[in-house]
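For reference, the structure is listed below as structure tokens.
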Amino acid sequence: MIRLTVDDVPVEVAEGSSVLAAARAAGTGLPGLCFDERLSPQGSCRICLVSVHGGRPVTSCTTPAREGMAVRTDDPRAAGAARLALELLVSEQPERAFRIPAERSELVRACQHFGVTVSQFQGAGHDRGVDHSHPYVKLDRDLCIACGRCVRICAEVQGSFALSLAGRGFDTVVVAGTGQQWLSSPCVACGGCVDTCPTGALAEPGLLDPAPIDHNTTTTCGYCGVGCSLRVHLRGGPGRSGGPDAEQRVAAITPVHGAPVNRGHACVKGRFAHAYTRAADRLDTPLVREAGRGSPLRPASWAEALGVVAAKLTAVRDRYGGEAIGLISSARATNEENYLAQKFARTVLRSNNVDNCSRLCHSPSAAGLTASFGMAGGTNPFDDLDRADCILVAGANPTEAHPVVGARIKQRVLDGARLVVVDPRRIDLVGFADVHVPARPGSNVAVFNGIARALLDGGHVDRSFVRDRASGFDRLAELLRDYPLDRAAGLADVDPGTLAEAARLYGTARRPAIVYGLGITEHAHGTDGVRTLANLAILKGAVGTPDGCGVLTLRGQNNVQGASDMGALPDLLPGYQPVADPRVRARFSRAWGAELPDRPGLRILEMFDAATTGRLRALYVIGEDIAQTDPDSRRVQAALAACDLVVCHDLFLSRTAEQADVVLPALSFLEKDGTFVNFERRVQRVHPALPPPGEARSDFEILHLLGAAMGIDLGCPTPADALAECASLTPTFAGISHGRLDREGPLHWPCRAPDRPGEARLYLDGFATPDGRAALAARPYLPPGEEPDPAFPFVLVTGRRLPHYNSGSMTRRTPNLELSPREVLDLHPDDATRLGLADGDLVEVASRRARVTFPVRVTDTVAPGQVFTTFAFPDRATNALTSDCADASTGCPEYKVTAVALHPG
């Protein structure tokens, strides 16, 4: 620490801090209009001037704090010069700049600090107009002071380089792209420019309204698995602005500065896409069918709806047994809700047929990482990317699916880290990469075996680590004899030199990191893909060591990690404890006061098969639109039609809810209390910001009410009680509670006792495998479950686009729809020319299961012979096309390889 004085007040600040940081730590409130703690200092506004040891004025934001400094913020020369600089800025501002509330304008606060009410300078009287073309980013050019913060945050934090300053002198103003309308610019709407703007020149709709903010709530984002900390700003409510009966509503959502995961950054979804909470078609009362699937759903009371569900579930259970009921829990639900859901299934329904959507995305991660290292989660914290000198991104498109992670990777590359991207598409990160390996979909195992062989041949294996801390090396080395670079590259359809360079960069790095996503897991051999990718970290000794940056797995939804951690799985209880183990089962049975079924239950896809053959008679679905998002959706619809009872919790009348017998209105993450676990195993609090709409209730409360209607008290009456009960039964969560999280902040699991910290970096003292060693896996390349042929010559790959999330049920009910109003099929220009197709033309996509028509987008981001789309729009039934092939180890579907034919309309 550095000790100094500011205006005679002793201050201690960390090494590397600026004098401005010291001044603010001393409570001076010294302004700095070009300064943002997330950015490199610039010192251009001259508002933060101070004197040091009585010397000439210096910009405090660019002056490093030194031991023994005597800083004066009230030095007449410094304060006078700063005031003049401020008056010069003020002279160019219109009067409306000072009507902005002080809490939203650093310029107004600076004027208050220096007592500036008028300027001695005469301004030019600009009238440069506004640009309100974008749904979220609103530009008032006359309020721009050309501080450059928006330009720098776009470059330094987001890595988009979409903004610049144009003009001369006081006519300088921020522009997006080449000066076109903001909506048509390269802006990705992360909100960083709005968040950092000191004057209100860049603002968002909810904060253009000068009405005060009545309440603020800090919570964790409920979109992707990054787990950003957000502050929800609310207006309305009893006795608040807008009158005594004003509805409480979200005015804005902003990232929490200094938050451990996102560090004050966010994306277009978490930052702006909240209008769905007040959508006109939001469900706010239960719905039941009067008489069978042919009759319409009608509103009902909670008592009636729960009575119907309780009676029918009881009848199915008592007649056919608990194995005739399936429950699909939700990766969007909290940990506490998933814990209660699996407890409800096992104690009330008497069934282990419980699963969650991680089955369809990251079940190969859980299986593969457990087999390789011992635990079903990533090995290292997100912060370790800050130390990585080479990042291997495989099967992930983080700038669109996990934008805060994508931005952090760009920051590391801009700071000098090397980047290798393994992906069939030319994703955004390819523009920052040293090497792009455009591997053919389905060839991951060949690619990673080829890189492993090159590590061996190039002398890049940490022999001592492998000897002392790994097993299976000899078997792997024998297998790798069949994967010289030429053969591996041929299987992946890439240049051998490209694969060799990827191996060299990863192999010569001192602190390499691996970041991967669904492009590795959603394959017929997804678990093999995870194992062979993990091999690279083991061979390098880059996991389980202080310097190793390990393997990070990007989870698709907000609580994919937590849903499985909580035991919403057919074969595993909370904490990945096997249900087939009599000792484990006995411990849970004693705690829950009920005998648990002893055989593992059905996975999701097995539930569908069981329904169509009459073995599964009832399906209970929490927060998942399986009719839209699960593969081979016609098979899903047939399964739903075959069930005697389908119950659905949801925010909206989804495709699944449309086929249900009872629909129960649930709450969004902005209305819930509980916790989520993010992609790096960090457990974080979720706080309710909004009241429930109408009669909607949380999944937690619904399960309690239904349990009571079926004559069972589920215990743990509050979410805090549920997490406490889980901690008492699950060693990896033993030290985690709501109270501790509220006092100390987020904790990584495992956290083994209330007085012990969470373990952010795993395996420093040994791996959690049976023999304590990291297990190398000798896995041969096997072809994908479905391959193209002359009748179906193209390969369809599915994924996400930046503005939309999963099924699109939330984002399509926000202005994100203006950013991406419809689904399209990405097609390479060569293929488009050959088929006579242009942008916007319709093309019929036919697979071996269905035919679906899409508008075409011609782009070279896809390779010839490949096409790409998402399933965010229900009018384009993408998953009617997708393959029913699945990973043999886990049952994860092969979303990433579907053979299709294209027929121009």
Any hit, the range 101-108, residues being over 30 Å from C267 (Cα atoms), open to solvent by less than 30 Å² (accessible area, probe 1.4 Å) and either out of contact with any Cys (no Cβ under 7 Å at 6 or more places or on another chain) or among the aliphatic types (A, V, I, L, M) (or both): no
A542, sole failed condition from (1) of a type in the set (A, V, I, L, M, F, W, C); (2) in a helix (DSSP H, G or I); (3) surrounded by 21 or more Cβ atoms within 10 Å (Cβ to Cβ): (2)
Candidate set: the range 1-27, residues that are polar (S, T, N, Q) and surrounded by fewer than 20 Cβ atoms within 10 Å (Cβ to Cβ); chosen: the one nearest to G68 (Cα to Cα): T5
Per-region count, the range 349-358, residues surrounded by 24 or more Cβ atoms within 10 Å (Cβ to Cβ) and more than 14 Å from I622 (Cβ to Cβ): 2
So R685, is it open to solvent by 20 Å² or more (accessible area, probe 1.4 Å) and under 22 Å from the mean Cα position of the chain (by Cα): yes
D127 being closer than 17 Å to L202 by Cα and either assigned to a strand (DSSP E or B) or open to solvent by 20 Å² or more (accessible area, probe 1.4 Å) (or both): yes
Residues being surrounded by fewer than 21 Cβ atoms within 10 Å (Cβ to Cβ) and either among the aromatic types (F, W, Y) or on the phi > 0 side of the Ramachandran plot (or both) - total across the range 589-619: 3
Scope the range 803-862; condition of a type in the set (D, E, K, R), within 23 Å of the chain's Cα centre (by Cα) and crowded, with 18+ Cβ neighbours inside 10 Å; matching residues: R812, R813, E823
Sole exception among (1) open to solvent by less than 10 Å² (accessible area, probe 1.4 Å); (2) over 24 Å from the mean Cα position of the chain (by Cα) for D547, by number: (1)
Cross-chain or 6+ apart pairs with Cβ under 7 Å, the range 184-196 first and closer than 15 Å to L819 by Cβ, then open to solvent by 20 Å² or more (accessible area, probe 1.4 Å): S185/G177; P186/S160; P186/G177; V188/S160; V188/L802; A189/L819
Selection within the range 380-398 - of a type outside the set (K, R) and either assigned to a helix (DSSP H, G or I) or touching an Asp or Glu at 6+ places or on another chain (Cβ under 6 Å) (or both): P381, F382, D383, D384, L385, D386, P398
Condition broken by C45, with the remaining ones in (1) in contact with a Cys (Cβ under 8 Å, 6 or more places away or on another chain); (2) at positive phi satisfied: (2)
Per-region count, the range 146-184, residues more than 25 Å from C61 (Cα to Cα) and open to solvent by less than 20 Å² (accessible area, probe 1.4 Å): 3
Residue in the range 124-133 that is under 30 Å from P403 (Cα atoms) and touching a residue at least 24 places away in the same chain (Cβ under 8 Å) present: yes
Residue in the range 407-426 that is of a type outside the set (F, W, Y), surrounded by 23 or more Cβ atoms within 10 Å (Cβ to Cβ) and under 30 Å from E595 (Cα atoms) present: no
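The values are calculated or read from the model by the stated rules, or taken from the named source; none is laboratory data. Bear in mind the structure is a predicted one, so any value in this text is a computation, not a measurement. Neighbour counts run over all protein chains shown; Cβ positions are idealised from the backbone, glycine included. Heavy atoms of the whole protein, side chains included, go into the accessibility calculation; ligands, DNA and RNA do not. Shrake-Rupley method; radii C 1.70, N 1.55, O 1.52, S 1.80 Å.
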